[in-house]
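Taking it in order: structure first as structure tokens, then the write-up.
The values are calculated or read from the model by the stated rules, or taken from the named source; none is laboratory data. Nothing here was measured: the structure is a model prediction, and the numbers come from that model. Glycine also receives a Cβ, built like all others from the backbone with ideal geometry; neighbour counts cover every protein chain displayed.
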Amino acid sequence: METTDRINEGASVLSDVLDATDRFAAVVLSIVDRVPFDDTDRAKLTMAFLGIAHEHWSAHRGLMASGLFHPAIALLRLQFEVTLKGFWVTHAAPDRWIETMGTVRLRQSDGRAFEPDVPGIGELLKDLERTAPPPAVALLSLFKSIAWRELNSFVHGGALALSNLIHPMPEAFLVQILRNANGVWGVGMMLAASHLQDKGQTHSTG
């Protein structure tokens, strides 16, 4: 299927949602960027994870706009996973893990990659159930239960991904994927707001 064909498939509504998303992101970031964040290792690491999630989200929208839907959908899984890790860093990561990640380096002295252990997705959610605000955990758990298996198909080239390559993706499906990515970003911004030094300033847009 040609890229132009994929762009034209459902382009009008998808383009409208993409444009609205760009405007929404600009407004939110203009508010959040005015206020400094907590100067703690835990907050800094959380914001680093959310920064990666934001890059995934931005790339997701760019790929959607270009008609490259398969990699865009795969990125949604990565965006969710790193957002979930941000919540875990804030609410559940052991102090020793935070200390270790605070001295992160790409390679150890013997040349091996350095990567502190992180629990799997299921364990992350279990940890958060014990430590994080229930509404946030409910949203994260709901997304995982609904979308995780299908997103894995797009990441690993499974049957669902292949079937959508053979048959054009419905417009409603693409719009829903974009809205899901927007929702994950919104949950991440809620976490970011919890680390603002003066949380009251986020209520003013003047």
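Taken over region 179-191, the criterion of being buried (at least 21 other Cβ atoms within 10 Å of the Cβ) and over 10 Å from the mean Cα position of the chain (by Cα) is satisfied by Leu191 alone. Whether any residue in region 150-170 is hydrophobic (A, V, I, L, M, F, W, C), at pLDDT 85 or above, in a loop (DSSP other than H, G, I, E, B) and over 19 Å from Ile52 (Cβ atoms) is what I want to check. Checked against the condition, which is being hydrophobic (A, V, I, L, M, F, W, C), at pLDDT 85 or above, in a loop (DSSP other than H, G, I, E, B) and over 19 Å from Ile52 (Cβ atoms), region 150-170 yields at least one hit.
Of all residues in region 182-198, at least one satisfies being modelled with pLDDT of 90 or more and in contact with a Gly (Cβ under 7 Å, 6 or more places away or on another chain). Failed condition for Ala53, given (1) in contact (Cβ under 8 Å) with a residue 12 or more places away in the chain; (2) surrounded by fewer than 22 Cβ atoms within 10 Å (Cβ to Cβ), with all others met? The failed condition is (2).
One line per residue, one yes/no per condition, for (1) modelled with pLDDT under 90; (2) of a type in the set (Val, Ile, Thr); (3) outside any helix (DSSP H, G or I); (4) surrounded by 14 or more Cβ atoms within 10 Å (Cβ to Cβ):
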| residue | (1), (2), (3), (4) |
| --- | --- |
| Val104 | yes, yes, yes, no |
| Ser109 | yes, no, yes, no |
| Ser145 | no, no, no, no |
| Ile177 | no, yes, no, yes |
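Considering only residues in region 1-22 that are farther than 22 Å from Ser58 by Cβ and part of a helix (DSSP H, G or I), the one that is modelled with the lowest pLDDT turns out to be Thr4. Only a single item in (1) at pLDDT below 95; (2) assigned to a helix (DSSP H, G or I); (3) closer than 28 Å to Glu171 by Cα; (4) touching a Ser or Thr at 6+ places or on another chain (Cβ under 7 Å) is not met by Ala25, and it is number (4).
When region 147-171 is limited to residues that are among the hydrophobic types (A, V, I, L, M, F, W, C) and either under 24 Å from Thr46 (Cα atoms) or in contact (Cβ under 8 Å) with a residue 24 or more places away in the chain (or both), the one that is surrounded by the most Cβ atoms within 10 Å (Cβ to Cβ) turns out to be Leu151.
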